[in-house]
1. Does T66 satisfy being modelled with pLDDT of 95 or more and either over 11 Å from the mean Cα position of the chain (by Cα) or of a type outside the set (F, W, Y) (or both)?
2. It is to be established whether one or more residues within the stretch 90-102 are in a loop (DSSP other than H, G, I, E, B) and surrounded by 13 or more Cβ atoms within 10 Å (Cβ to Cβ).
3. What are the residues in the stretch 1-21 that are touching a residue at least 60 places away in the same chain (Cβ under 8 Å) and crowded, with 21+ Cβ neighbours inside 10 Å, if any?
4. Identify all residues within the stretch 52-77 that are assigned to a helix (DSSP H, G or I) and in contact with a helix residue (DSSP H, G or I) (Cβ under 9 Å, 6 or more places away or on another chain); write none if there are none.
5. Just name the residue that is modelled with the lowest pLDDT out of those in the stretch 9-40 that are among the aliphatic types (A, V, I, L, M) and part of a strand (DSSP E or B).
6. Of all residues in the stretch 49-79, which are farther than 23 Å from L12 by Cα, small (G, A, S) and surrounded by 15 or more Cβ atoms within 10 Å (Cβ to Cβ)?
Amino acid sequence: MRVCITSTGKDLDAPVDPMFGRARFFLFVDVETLATEAVENAPGAHGAGVQAAQTVTSKGAGVVLTGNVGPNAYQGLAAAGLQIYVGARGSGHDALAAYKAGELTSTSAATGPRHGGSRR
């Protein structure tokens with residue numbers, strides 16, 4: 001299974017980025033082998049959550065691990081059938097371990113505000 005982790009850097013040692021739509025990177029991780037592909041997120045001024053959801057969906061992830069997800073991103077991810085887990089923190093390794101241990105919260109609604117703002 002392929003999991004997407006929002007990240008501030010290009011590998012599993014980097015901290016989880018708490019804002020899905022404005023995350024700096026998406027780490028696509030094979031849960032069995034830990035093979036990781038880093039994809040830089042390029043959010044525009046408007047529609048960052050929608051663009052981010054499209055990026056993650058196009059890369060074949062089945063699960064998203066993040067801090068929070070806004071309403072537009074949530075709608076896109078949920079419509080594509082992805083499972084969304086929030087409350088991820090620490091490094092990418094920490095988030096993956098928390099997911100495997102069942103310690104993250106599965107969400108059926110947005111957990112962050114619409115238009116979370118730009119950090120760039």
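1. Working: modelled with pLDDT of 95 or more: yes; either over 11 Å from the mean Cα position of the chain (by Cα) or of a type outside the set (F, W, Y) (or both): yes.
Against the criterion (modelled with pLDDT of 95 or more and either over 11 Å from the mean Cα position of the chain (by Cα) or of a type outside the set (F, W, Y) (or both)), T66 qualifies.
2. Looking only at the stretch 90-102, we keep the residues that are in a loop (DSSP other than H, G, I, E, B), and these are 90, 101-102.
Narrowing the set further to residues that are surrounded by 13 or more Cβ atoms within 10 Å (Cβ to Cβ) leaves none.
No, the conditions are met nowhere in the stretch 90-102.
3. Here is the first cut: in the stretch 1-21, the ones touching a residue at least 60 places away in the same chain (Cβ under 8 Å) are 1-7, 11-16, 18-21.
Those that are touching a residue at least 60 places away in the same chain (Cβ under 8 Å) and crowded, with 21+ Cβ neighbours inside 10 Å: V3, C4, I5, T6, S7, V16, M19, F20, G21.
4. As a first pass, look at the stretch 52-77 and keep what is assigned to a helix (DSSP H, G or I): 52-58, 71-77.
Scanning the stretch 52-77 gives A52, A53, Q54, V56, T57, P71, N72, A73, Y74, Q75, G76, L77.
5. Within the stretch 9-40, the subset among the aliphatic types (A, V, I, L, M) is 12, 14, 16, 19, 23, 27, 29, 31, 34-35, 38-39.
Next, from what is left, pick out any that are part of a strand (DSSP E or B): 16, 19, 27, 29, 38-39.
Numbers: V16: 98, M19: 90, L27: 98, V29: 98, A38: 98, V39: 96.
Out of the qualifying residues, it is M19.
6. Matches in the stretch 49-79: G70, G76, A78.
The values are calculated or read from the model by the stated rules, or taken from the named source; none is laboratory data. Being a predicted model, the structure only gives us computed values, none of them experimental. Backbone-built Cβ (ideal geometry, glycine too); neighbour counts: all protein chains shown.
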